[in-house]
Structure formats: C-alpha cells, structure tokens
1. Which of (1) within 24 Å of residue 136 (Cβ to Cβ); (2) at pLDDT below 95 does residue 82 not meet, given it meets every other one?
2. Which of the residues spanning the stretch 318-332 are within 26 Å of the chain's Cα centre (by Cα) and more than 24 Å from residue 92 (Cβ to Cβ)?
3. Here are some conditions: (1) part of a loop (DSSP other than H, G, I, E, B); (2) within 16 Å of the ligand (Cβ to nearest atom); (3) surrounded by fewer than 17 Cβ atoms within 10 Å (Cβ to Cβ). Residue 311 meets all but one. Which one does it not meet?
4. It is to be established whether one or more residues within the stretch 272-286 are within 13 Å of the ligand (Cβ to nearest atom) and assigned to a helix (DSSP H, G or I).
5. Name the residues in the stretch 20-34 that are touching a helix residue (DSSP H, G or I) at 6+ places or on another chain (Cβ under 8 Å) and more than 15 Å from residue 199 (Cβ to Cβ), would you?
6. With respect to residue 67, is the statement that it is assigned to a strand (DSSP E or B) and more than 18 Å from the chain's Cα centre (by Cα) true?
7. Quickly run through the stretch 113-135 and pick out the residues that are more than 29 Å from residue 152 (Cα to Cα) and within 7 Å of the ligand (Cβ to nearest atom).
Ligand code: SAH
C-alpha cells in the first residue's frame with residue numbers, strides 16, 4: 001500500500017531524500033488542494049521526474065472509487081477501502097433558479113458533500129438502513145479527507161470553472177453519511193483541521209462544516225473542551241425519553257435530560273446555535289402533541305429545527321408523513337419563534353439521502 005501524501009512526516013523524509021527545496025512541498029499541496037488534482041500525472045507544475053517519483057511512493061486519495069451514479073441534483077460515490085470495505089459519499093448540487101437566464105437554466109449555487117466517518121454504524125437506530133449493516137471500523141483521517149479530494153476532482157471535471165475563474169468544488173461538508181462521527185472523535189477532529197487549514201488544507205469555512213450526532217454526550221463534551229468551531233446537528237427525532245428509546249437505542253445510554261444539559265453547556269460555551277434533526281415518520285413522530293412537546297423542550301433555546309421527511313425503503317416498515325401533517329407540525333413549532341425548515345430530500349431518488357446509505361448492500365443480502 002502506498003503512503004498517503006497527507007502524511008507530513010513521510011513527505012518530509014521523501015523531500016530530504018530527493019533533495020527537494022521547501023517550496024516544492026508547497027507546490028505539491030497547491031496541486032492537491034487548489035488545483036484539485038488527485039493524480040500526480042496531472043500535476044503539471046511539478047517536473048515529470050518528481051511526478052513519477054511521488055507516484056511510486058504516495059497516493060493522494062487512499063480510497064478506490066468503485067462505482068458512481070448520478071442524477072441532476074446529486075452524485076453518489078461508492079468507495080472501497082484498502083481492506084475491502086465499502087463506504088459511500090454523496091455530492092449534492094444546490095441550484096438557484098435564474099429568472100433572467102436566457103436558457104432558463106438553473107445556476108449551480110453551492111455544492112455540499114455528505115461524508116462517511118465509519119464503515120457501517122454501531123447506533124442501531126430502527127429507522128436507518130446504514131445501522132443494519134453493523135459496525136466494521138473507524139475511517140482514518142485521510143480516508144475522510146479523501147472523500148472530499150475525490151469529489152473536488154470529480155466536480156472540476158464535471159463543471160470546470162466558475163464565473164470568477166476559480167474552480168467549482170465542495171463548499172459544505174456534512175458528517176451525515178455512514179457512521180457516528182463522535183465515536184470516531186480523533187480522526188474526525190483531525191480531518192476537520194485539514195478542512196479548515198489554509199496552508200496544505202481545503203480552506204473551508206467553519207460555518208460550512210456540520211457534525212451530526214445521534215447524541216454521544218462524551219463526544220459533545222470533548223467538542224466543547226477542544227473548542228471545535230464547526231456547526232453541530234443533533235439527531236433528536238423524538239421530544240421525550242420513551243419515544244426516543246424506541247427509535248434510538250443510544251438514548252438508553254445517554255438520556256434526553258442529560259443530552260439537553262450538555263447541549264445547553266455547548267451553546268453557552270460556543271454561542272453556536274444547534275440544529276435539531278427530526279424525522280417525520282407517519283403516525284409515529286409526526287403527531288401534533290409531539291410538536292407541542294418539542295416546542296416546550298426548545299423554547300428559549302438557540303435552536304433551529306430541520307424536519308426530515310422519512311425516506312422509505314423496503315428493508316424497514318415505516319412510512320413517511322404526508323405534506324399536510326408536516327406543515328401542521330412546522331406551524332406549531334413556529335408559534336413561538338423557533339425557526340424550522342422542512343428538508344427537501346435531496347438525493348432520495350438514488351438512495352443517497354440520509355439513512356439510505358448501505359441500502360443496496362442490505363437488499364442484496366436479503367435476497
Ligand atoms: N450518526 C450520525 C450521523 C448520521 S446522519 C447521526 O445520527 O446524526 C444521518 C441522518 O439521517 C441522521 O439525522 C439520521 O437520523 C437520519 N436518517 C437516518 N435514516 C433516515 C431515513 N430513513 N430517513 C430520513 N432520515 C434518516
């Protein structure tokens with residue numbers, strides 16, 4: 001197996017052995033992060049010899065893209081890890097309708113990448129397909145960053161340059177793919193360092209990175225302690241302990257009361273608002289009395305609620321709420337000034353939406 005080029009120590013050793021001047025290392029990182037190249041052969045600001053030598057020892061992306069499918073709003077990529085596991089990432093294209101555009105085209109506004117943090121997931125939430133795969137292992141820092149580097153190169157090939165001549169690339173990263181990011185804390189943290197870094201990094205804005213968690217309290221405590229400046233989303237899905245217990249086994253280890261307490265600490269320490277994810281499952285989470293309970297829980301808090309229409313799939317016997325019920329739920333929450341969005345289920349068609357990752361594997365195994 002080749003070494004990851006993001007291993008700064010190994011690259012230093014290589015530089016010494018090959019008597020490279022320090023600016024060459026900068027150039028290499030420039031080629032990766034700014035020019036969005038993942039193949040050394042394409043890094044034409046480097047000499048042919050250097051490209052060949054790098055290629056012998058290093059790889060930029062430590063995952064192998066196995067299969068890609070796409071539609072107008074998303075691209076789903078299956079990666080194989082060096083030890084033969086499959087993980088997935090989904091690129092989501094947000095377009096803005098341009099009224100004055102002659103061809104009535106929708107302009108590409110921003111691009112989000114949904115990344116995986118683990119192979120499988122140990123949470124066992126009853127509504128989630130990924131959970132049914134079980135848990136295999138944590139992804140390394142470089143496997144997490146690799147998903148972004150691959151996506152950037154893919155997007156460059158697909159869209160080229162923007163109006164201001166900079167390349168199109170991933171602007172937002174959400175840890176909403178496979179896995180529970182706060183159970184892979186150190187690698188997630190290190191991957192975020194690379195995402196935020198200007199030098200030898202992706203230069204993403206901290207406001208454009210979101211960690212989503214099922215509610216791992218020690219992990220949230222650590223986020224506070226380390227002052228990780230990115231956005232935090234909580235997969236809440238239920239406003240009371242009994243219902244949450246039913247949906248998410250993890251709720252039994254980390255109670256709603258304790259979760260709310262640590263989230264208050266988080267808001268106090270970071271002054272960041274919290275994004276609450278709430279799945280709308282028919283006759284289960286979508287009742288008006290639950291909306292009122294949620295309202296009471298969030299009253300006066302720095303919170304935003306994302307209502308996520310439940311994505312159905314044959315592996316799980318739950319149904320999505322109808323539109324009118326979701327609107328009604330939203331209205332109740334808004335009564336006291338809580339901001340609410342009903343998420344459009346981007347990528348749903350090709351099973352790339354939340355909780356759908358791993359779907360093919362499940363259906364295959366069951367057939
Ligand atoms: N383990 C983390 C990261 C996964 S994020 C977490 O729980 O937050 C994936 C998001 O999609 C979570 O909010 C999850 O609860 C939600 N989700 C899972 N299955 C879903 C489904 N079938 N339909 C809609 N959302 C789902």
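1. With respect to (1) within 24 Å of residue 136 (Cβ to Cβ); (2) at pLDDT below 95, residue 82 is out only on (2).
2. Selection gives 319 alone.
3. Only one criterion is unmet by residue 311, namely (3).
4. No.
5. Scanning the stretch 20-34 gives a single hit, 20.
6. In short, yes.
7. Once the filter is applied, which keeps residues that are more than 29 Å from residue 152 (Cα to Cα) and within 7 Å of the ligand (Cβ to nearest atom), the stretch 113-135 yields 123, 125, 127.
The values are calculated or read from the model by the stated rules, or taken from the named source; none is laboratory data. What you see is a predicted model; the values in this text were computed from it and never measured. When we count neighbours, we look across all protein chains shown, and the Cβ atoms used for this are built from the backbone with ideal geometry, even at glycine.
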